[in-house]
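What follows is a short report on a single structure.
The values are calculated or read from the model by the stated rules, or taken from the named source; none is laboratory data. Here the structure is a predicted model, which means the values were calculated and not measured. So basically every Cβ, Gly included, is an ideal-geometry build from the backbone, and we count neighbours across all protein chains shown.
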Amino acid sequence: MKRIWKQITPIFCIVFLAFWTSPVEAATTRVFVSIAPQKYFVQKIGGDLVSVAVLVPAGADPHTYEPKPKQMAELSKCAVYFAVGIDFEKAWLPRIAGTNPKMRIVHTDEGIKKIIMTDHPRDKKSRHGYTGTGHHHHEGTQDPHVWLSPALVKIQAEHILHALIDIDPNNQTRYKNNYSAFLEEIDMLDAELKNLFAGRKGDRFMVFHPSWGYFAKEYELEQVPIEIEGKAPKPAQLTTLIRHAREHGIRVVFVQPQFSAKSAEMISREIGGHVVHVDPLAENWAGNLREVARKFITAV
C-alpha cells in the first residue's frame, strides 16, 4: 500500500498544483444580436468577456425572418438582446422579451434619425411632356439599414458600451478601452472611404434591394433601387429603370444574396452591364465596407 501511495503521490501533487496555479476563466456575458454585423460591434467592445449569438443566420432575409424554437430557448439564457431596428423585430421583440423577463432589450438604433427609403425612378411629366427621371418617397417608410454608415455605427457602439457596463460593471475599464479602440477603427475606415469617393459626388449606382441608402448619403452617392418594400418592379417600371441606367451610364447592378437576382440580371442584359454581389449582412463589417466601396468605385 505504501509503495502504491509513493507512486501516485507525485502525480496527485502535479495535478493539484496545476489546478491551483491555473488562472480562473472569466465568466462571459451571453448576448444575442439580430444580424451578423452587430456581432462584430459587440465583440469589438466586449472582447472575450462576451459570447455573442446571431439570430438571423447567413442567407436569411432579416425583414421576414422567424426565429426557430431552439433559438427562442437559447434566448431565455441570455443577459441582453441588442436590437437594430430591422423589420422582423417589430413582431418578434415582445416574444423574445417574454422568454426571459430578466433579459435586457437594448435598441442600438435609438437616437438615430432614420431616412425615408427611395422608390423606383419614375418619369416626371411637365405640360411640355417628359422632362427626365427622379425619385419619390413612400411616406413613412423608414430605412432600417443603419449599420451601413460608419457615423451611425458610433451611436450603436455607445449603446452597446453602456449596456455591457451596466451588466458587468467590474470590467468597465476593459469595455471602455475596447470601445475607444473601436471608435478609432471606425474613424480610420470612414477617412479611407471618403478619400476613395472623393470627386465622385452624385454618382449613381443601381441595387436590387435598397440597403445602401445611409452609405450613399454619407459618401454623397445616389442609390437607384430596383425593388422597394419587397415588391419586384412591374414591366413599365423596368423600362424606366433601363432608360435611367442608360441615361446615367450605369453598367453594374448590385444584388445581395438574400434576394432574387432575376430582375437585376434582366436589367443588366438590357444595359450591356453585369450583376455584382454585395452583402449588407456580412459579419466582417469593416472589411465588407471596404470591399463594397471598391466594387462601387469600379461600377460608377
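Looking only at residues of region 274-286 that are touching a Ser or Thr at 6+ places or on another chain (Cβ under 6 Å) and closer than 12 Å to Arg251 by Cβ, we find that the one that is surrounded by the fewest Cβ atoms within 10 Å (Cβ to Cβ) is His274. Among the residues making up region 48-70, those that are among the β-branched types (Val, Ile, Thr) and assigned to a loop (DSSP other than H, G, I, E, B) are Val56, Thr64.
One residue stands out among those in region 226-251 that are closer than 27 Å to Ala151 by Cβ and touching a strand residue (DSSP E or B) at 6+ places or on another chain (Cβ under 6 Å): the one that is surrounded by the fewest Cβ atoms within 10 Å (Cβ to Cβ), which is His248.
Put simply, of Val255, Val278 the only residue that is in contact with a strand residue (DSSP E or B) (Cβ under 8 Å, 6 or more places away or on another chain), at pLDDT below 90, of a type in the set (A, V, I, L, M, F, W, C) and closer than 25 Å to His63 by Cβ is Val255.
Yes or no, residue by residue, for (1) surrounded by fewer than 19 Cβ atoms within 10 Å (Cβ to Cβ); (2) touching a helix residue (DSSP H, G or I) at 6+ places or on another chain (Cβ under 7 Å); (3) under 24 Å from Thr64 (Cα atoms):
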position: Val253; (1), (2), (3): no, yes, yes
position: Gln258; (1), (2), (3): no, no, yes
position: Ile267; (1), (2), (3): no, yes, no
position: Gly272; (1), (2), (3): yes, no, no
position: Asn288; (1), (2), (3): no, no, yes
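Filtering region 192-218 to residues that are touching a residue at least 60 places away in the same chain (Cβ under 8 Å), outside any helix (DSSP H, G or I) and surrounded by fewer than 23 Cβ atoms within 10 Å (Cβ to Cβ) leaves Phe197, Arg200, Asp203, Arg204, Pro210.
Residues are listed down the side, and each one gets a yes or a no for (1) among the hydroxyl-bearing types (Ser, Thr, Tyr); (2) touching a helix residue (DSSP H, G or I) at 6+ places or on another chain (Cβ under 7 Å); (3) under 30 Å from Thr64 (Cα atoms):
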residue	(1), (2), (3)
Ser149	yes, yes, yes
Val153	no, yes, yes
Ile165	no, yes, no
Glu185	no, yes, no
Lys231	no, no, yes
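Residues of region 147-168 that are farther than 18 Å from Ser34 by Cβ and surrounded by 23 or more Cβ atoms within 10 Å (Cβ to Cβ): Pro150 alone. For region 231-252, the candidate set comprises residues that are at pLDDT 80 or above and not in a helix (DSSP H, G or I); within that set, the residue that is farthest from Arg294 (Cα to Cα) is Lys234. Checked across region 26-47, the condition of being out of contact with any helix residue (DSSP H, G or I) (no Cβ under 9 Å at 6 or more places or on another chain) and either outside any helix (DSSP H, G or I) or acidic (Asp, Glu) (or both) holds for no residue.
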